Amino acid sequence: MKERSILKQKSVIKKTFLIITVFLFMLSFAGCGGQNSKNYKETSSKNIKQLSEREKIEDFKYMYKILKENYPFFEVNKRLNNIDWLSKKDKYIQRVKGSENDDEFYHALESILKELNNGHTDMVDKSLYLYMRDVYEPLGKITEPWTKELKKEKVVSRYLGNKDKEFSSTKNEAGQYIEPNNIKTAIIEEGSVGYLHIKSFNTFNIEGDMKIIKHFLQSIKNYKVLIIDIRGNDGGDSRYWSDNLVPMLISKPIKNTEICAYRGGKFSEDFIKAMNEYNHETLIPIKNIENEGLKNMPLELKKDFKCYSKNEKIINPKDSINFKGKIYLLVDIEVYSSAEKFATFAKSTGFATLIGEKTGGDGIGSDPLVCALPNSGYVFRFSCDMGLTSDGTCNEEFKTEPDFITPSMIDQNLLNDKCVKKVLELEKIKR
């Protein structure tokens, strides 16, 4: 579909920095943006012995098997993009055979994964590997399945080379990962309409951003309208909004229910166990999903999936300004991952009225799994769960539809911005 293709094109442009995850389980921590850090400048350490054609084919077949048994969106990809990925195995092998060196092999695999059309499923380059190492290693046992893959000997050699084989965090300060100028605030109508734009839900921005946001919200707590603009926000840490922003605004608890379904392949078992232990959830046999009343669930759930988990999250007020006005959330196709999760939350709970264009999807679920290829030591990541809204709608397939569809291009002059103008129109505010 054109919409997904645009998302992927925009994703490639932003590949110089990944706000992936500080273990987002249910996209609750640092999160995964739709961007994925690939600038294709460096895929491995220098002076690595080049792979043979046999080794490359073995690696691809290993990747294919892992995905066949664990990846949740094959049928979604067929419906949205008319791509039967699993049926193209032989064509993909020919693509791998056509690679003349390791670097070309890496790019061949990346092109193959791109045909899955999922922003959380791709190859891991050196910069992303270093970032994940710095994020996962300090967290110890809780991230052990991820770290185990990243610490494999061939992986360390591939990404770090012989000069730096110690797998340990090298970054002593989180400051290097902070997104600059992440917050923009404005008064659109004095005493009536406030505006807050959040460029990213970057986990490393939370502490500093919340000081700015709290001060701003205090200044507009008696306003009639608050506009929260997350256009262009492709993820980060769901705690940014669930543990901080939303609690500042609400006066009573809000409950939201989400379901994650798993294919249940052997490779994903330890990852899923870690996720559910962290969330204090249990896995439920897929046959029981009929008892959930999910009228819109995909047909393949009963056929291709083994189990599911149910996440019932309650957000309570904290440091609340007790905002009594109307909240509008501005969204677009770049809203992805934990930003998408915010959009689904806002719509399903009635926290905000959504204005703009359909979002990017894949916001309900867990951190992408990472998998090391046995010969090359290259790592790829992939979504492992299908996130469903409270009525069973697959979030990756249907994304989030705004309450009011409006051209979503951001205009630096907010009074000319079509989404902002729509808010003023709905509130009968003339400018």
From the list 314, 327, which residue is surrounded by fewer than 17 Cβ atoms within 10 Å (Cβ to Cβ), among the aliphatic types (A, V, I, L, M) and within 26 Å of residue 233 (Cα to Cα)? 314
Go through the residues of the range 196-215 one by one and say whether even a single one is farther than 30 Å from residue 135 by Cα and crowded, with 20+ Cβ neighbours inside 10 Å. no
Would it be correct to say that residue 332 is in contact (Cβ under 8 Å) with a residue 60 or more places away in the chain and not basic (Lys, Arg)? yes
Please verify whether residue 293 is modelled with pLDDT under 95 and not assigned by TED's automatic domain parsing to the domain that holds residue 74, treating the condition exactly as stated. yes
Restricting attention to the range 389-423, which residues are of a type in the set (A, V, I, L, M, F, W, C) and within 17 Å of residue 336 (Cβ to Cβ)? 394, 398, 410
Members of the range 290-334 found to be closer than 18 Å to residue 348 by Cβ and in contact with a Gly (Cβ under 7 Å, 6 or more places away or on another chain), listed by number: 294, 295, 296, 297, 330, 331
Kindly provide the set of residues from the range 181-215 that are closer than 23 Å to residue 413 by Cβ, touching a residue at least 40 places away in the same chain (Cβ under 8 Å) and not in a strand (DSSP E or B), ordered by number. 192, 200
Qualifying helices (runs of 4 or more DSSP H) (wholly inside the range 49-110; at least 1 residues being β-branched (Val, Ile, Thr) and within 27 Å of residue 301 (Cβ to Cβ)): 53-70, 74-81
Return yes or no: is residue 268 over 26 Å from residue 357 (Cβ atoms), touching a residue at least 12 places away in the same chain (Cβ under 8 Å), among the small types (Gly, Ala, Ser) and assigned by TED's automatic domain parsing to the domain that holds residue 197? yes
If you check 423, 370, 379, which single one turns out to be of a type in the set (Val, Ile, Thr), at pLDDT 95 or above and under 24 Å from residue 191 (Cβ atoms)? 423
Residue hits (the range 393-431; at positive phi and in contact with a Gly (Cβ under 8 Å, 6 or more places away or on another chain)) are 399
Taking the range 216-256 as the search range and keeping residues that are out of contact with any strand residue (DSSP E or B) (no Cβ under 9 Å at 6 or more places or on another chain) and assigned to a helix (DSSP H, G or I), which one is nearest to residue 417 (Cα to Cα)? 218
Return the pairs, sorted by first residue and then second, in which the second residue is surrounded by fewer than 12 Cβ atoms within 10 Å (Cβ to Cβ) and of a type outside the set (S, T, N, Q), the first residue lies in the range 299-327 and is within 15 Å of residue 275 (Cβ to Cβ), the beta carbons are less than 6 Å apart, and the residues are 6+ apart or on different chains. 307/285
Residue satisfying all of: in the range 270-328; of a type in the set (Asp, Glu) and assigned to a loop (DSSP other than H, G, I, E, B); nearest to residue 427 (Cα to Cα) among these: 319
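Every residue, every condition in (1) touching a residue at least 60 places away in the same chain (Cβ under 8 Å); (2) surrounded by 20 or more Cβ atoms within 10 Å (Cβ to Cβ), yes or no:
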{"residue": "357", "(1), (2)": "no, yes"}
{"residue": "383", "(1), (2)": "yes, yes"}
{"residue": "387", "(1), (2)": "yes, yes"}
{"residue": "396", "(1), (2)": "yes, yes"}
{"residue": "425", "(1), (2)": "no, no"}
Selection status of residue 86, at pLDDT 95 or above, in contact with a Phe, Trp or Tyr (Cβ under 8 Å, 6 or more places away or on another chain), crowded, with 20+ Cβ neighbours inside 10 Å and assigned by TED's automatic domain parsing to the domain that holds residue 73: no
So which residues in the range 403-423 are assigned to a helix (DSSP H, G or I) and touching a residue at least 40 places away in the same chain (Cβ under 8 Å)? 414, 415, 419, 420, 422, 423
The condition from (1) assigned to a helix (DSSP H, G or I); (2) at positive phi that residue 264 misses is numbered (1)
In the range 338-348, is there at least one residue being more than 14 Å from residue 230 (Cβ to Cβ) and either touching a residue at least 24 places away in the same chain (Cβ under 8 Å) or not assigned by TED's automatic domain parsing to the domain that holds residue 238 (or both)? yes
Confirm whether residue 262 is under 21 Å from residue 142 (Cα atoms), surrounded by fewer than 20 Cβ atoms within 10 Å (Cβ to Cβ) and of a type in the set (Phe, Trp, Tyr). no
Assuming residue 202 fulfils every condition listed in (1) at pLDDT below 95; (2) of a type outside the set (Asp, Glu); (3) outside the structural domain of residue 278 (by TED's automatic domain parsing) apart from one, which condition is it? (3)
Considering 359, 344, 400, which residue is farther than 30 Å from residue 55 by Cα, in a helix (DSSP H, G or I), among the β-branched types (Val, Ile, Thr) and under 15 Å from the mean Cα position of the chain (by Cα)? 344
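The values are calculated or read from the model by the stated rules, or taken from the named source; none is laboratory data. Source: prediction; values computed, not measured. Neighbour counts are summed over all protein chains in view; Cβ atoms, including those assigned to glycine, are modelled from backbone coordinates with ideal geometry.
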